[in-house]
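Heads up: the structure comes next, in structure tokens.
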Amino acid sequence: MGKENLSLGVGHDDDGGGGGGKGVTFANKSRGELADTWAVAAAAGVTMQAAPQDNGHDHEKPCLGESHAVKLVERLYGVSVAGVSPLASYIDQNYRVLARDGRQFVLKVTNTRDSQRPQLLEVQMAMMRFLQERGFPMQEVVDNVSGKIMSLESIDCGEGEKEFNVRLLTYLPGVPLSRVLADGSLYYQVGKLAASIHQALEQFEHPFLHSLQRDDFIWNLSNTHLLESYLFALDGDPNQGLVREVIAKFREEIQPNLHKFTRCIIHGDFNDDNILVQEVAAGSEQQQGQQQQGQQQGPKSAEGAPRHRVSGIVDLNSMMFGYHVYDLAMAIMYMMVESGEAMEAGGHVLAGYESVQPLTEDERRAVYFLVACRFCQSLVMARYTILRYPQNADYLLITARTGWVKLRELWTRGLEDMQRLWSDVAARYRN
């Protein structure tokens with residue numbers, strides 16, 4: 001699903017829940033494991049080949065054992081730990097921590113390369129606190145016993161000790177949006193949340209803001225054209241031609257018009273695993289409040305009222321300077337992946353977004369192309385990442401199972417048809 005974290009690479013951290021796995025390369029896998037990985041990839045139409053060199057982008061993943069994680073939390077944070085369990089991560093390492101007093105946390109151990117970027121990590125933590133203090137459903141940063149928000153710890157992963165950044169966050173309630181049967185009302189909430197975060201961050205200041213200028217970040221939509229360097233991962237796949245078409249349109253429609261878009265700090269990975277939701281009980285005050293606040297003015301769920309509410313937003317690892325329409329396009333793309341009515345999903349997200357932050361005509365036109373660009377980023381980089389971290393093939397191919405079909409339908413229908421459809425869906429919220 002495009003859960004992203006690396007400069008010119010790939011990674012994802014599950015800050016909320018889920019299974020875990022340790023990232024390794026082909027050299028670390030047995031022949032039997034490789035055979036299983038290739039079988040999974042072949043079933044999804046992936047042609048696998050030797051992974052390219054990282055060209056100096058060395059992101060060694062931490063290898064903290066559970067007992068070591070317990071000792072680290074108790075030493076650094078003074079928390080008496082009842083148990084820990086791994087959370088999904090490609091290039092970092094996360095543990096869900098249960099304290100003996102019932103509190104829950106997430107221990108985050110950052111890969112070696114990003115551990116050497118303390119300014120970026122500090123901005124991310126400061127931004128999390130900024131949003132949490134303004135009522136957004138964010139994790140809280142936990143200070144260690146020294147009163148600091150993070151520390152650099154030496155860990156031996158088999159090749160001598162290396163330094164990894166360690167942080168502790170509170171654990172948010174809820175389940176990832178990807179695990180529930182979502183409807184238009186939930187997509188509307190997602191759009192509204194994205195716009196509200198953009199507005200709030202207009203007031204955010206920090207001495208290290210410059211670290212959010214991530215021009216070499218492959219997941220920056222401004223870098224869609226860089227996908228050409230990864231298209232070898234699609235050799236022999238007819239979808240390679242579709243990606244080339246999208247990249248050509250990016251150069252024609254997006255690059256020359258960036259100056260027309262509203263620039264801001266963006267989340268950078270508004271996907272369905274980074275958005276947590278909770279069920280809303282029928283007739284509850286929360287449900288009635290949502291309706292009174294206008295969050296459900298348009299299409300309703302089968303029960304006639306919102307079934308879920310957004311309860312959290314996690315993973316700020318991809319935050320950067322970008323444009324409003326980038327986060328919006330990402331949100332639409334990931335909601336399309338999950339939706340049974342994929343082509344309509346964008347209308348719900350747009351309606352929610354524009355209830356807070358109206359778009360210009362240039363931005364509305366760009367959304368369609370940027371959604372296609374994000375599909376391409378997610379699908380191409382998933383293929384490429386399998387070459388580097390083949391043990392994650394099952395997870396990486398989740399989007400591919402429906403993503404190519406939905407991208408092709410989106411692209412075949414074209415700009416005018418999709419704009420008309422999204423406009424019709426959004427109009428239901430105004431009637």
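The values are calculated or read from the model by the stated rules, or taken from the named source; none is laboratory data. For clarity, every value in this text was computed on a predicted model and none was experimentally measured. Heads up, the Cβs are rebuilt from the backbone with ideal geometry, glycines too, and the neighbour counts pull from every protein chain shown.
Overview of results
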quantity: Matching option when the condition is closer than 23 Å to Ile254 by Cβ, in the same structural domain as Leu242 (by TED's automatic domain parsing), surrounded by fewer than 24 Cβ atoms within 10 Å (Cβ to Cβ) and under 18 Å from the mean Cα position of the chain (by Cα), among Met320, Met330, Met343, Met336; calculated: Met320
quantity: Any hit, the stretch 204-219, residues being in the same structural domain as Leu316 (by TED's automatic domain parsing), touching a helix residue (DSSP H, G or I) at 6+ places or on another chain (Cβ under 7 Å) and charged (D, E, K, R); calculated: no
quantity: Within the stretch 368-400, considering residues that are over 18 Å from the mean Cα position of the chain (by Cα) and within 21 Å of Phe270 (Cα to Cα), the one surrounded by the fewest Cβ atoms within 10 Å (Cβ to Cβ); calculated: Phe369
quantity: For Gly158: the one exception among (1) farther than 26 Å from Tyr323 by Cβ; (2) modelled with pLDDT under 95; (3) in contact with a helix residue (DSSP H, G or I) (Cβ under 9 Å, 6 or more places away or on another chain); (4) not acidic (Asp, Glu); calculated: (3)
quantity: Counted residues, the stretch 161-200 - those being farther than 22 Å from Asp272 by Cα and either at pLDDT 95 or above or crowded, with 19+ Cβ neighbours inside 10 Å (or both); calculated: 5
quantity: Considering residues of the stretch 201-218 that are at pLDDT below 95 and surrounded by 16 or more Cβ atoms within 10 Å (Cβ to Cβ) only, the residue farthest from Arg134 (Cα to Cα); calculated: Ile218
quantity: In the stretch 118-142, the residues that are under 15 Å from Val106 (Cβ atoms) and touching a residue at least 24 places away in the same chain (Cβ under 8 Å); calculated: Leu121, Gln124, Met125, Met128, Pro137, Met138, Gln139, Glu140, Val141, Val142
quantity: The lone exception for Glu153 - which of (1) among the acidic types (Asp, Glu); (2) assigned to a loop (DSSP other than H, G, I, E, B); (3) in contact with a strand residue (DSSP E or B) (Cβ under 7 Å, 6 or more places away or on another chain) it fails; calculated: (2)
quantity: Identity of the residue in the stretch 151-174, more than 22 Å from the chain's Cα centre (by Cα) and among the aliphatic types (A, V, I, L, M), that ends up nearest to Met125 (Cα to Cα); calculated: Leu152
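For (1) in a loop (DSSP other than H, G, I, E, B); (2) over 30 Å from Met343 (Cβ atoms), each residue gets a yes or a no:
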residue	(1), (2)
Asp114	no, yes
Gln124	no, yes
Asp143	yes, yes
Leu172	yes, yes
Leu186	no, no
Ala200	no, yes
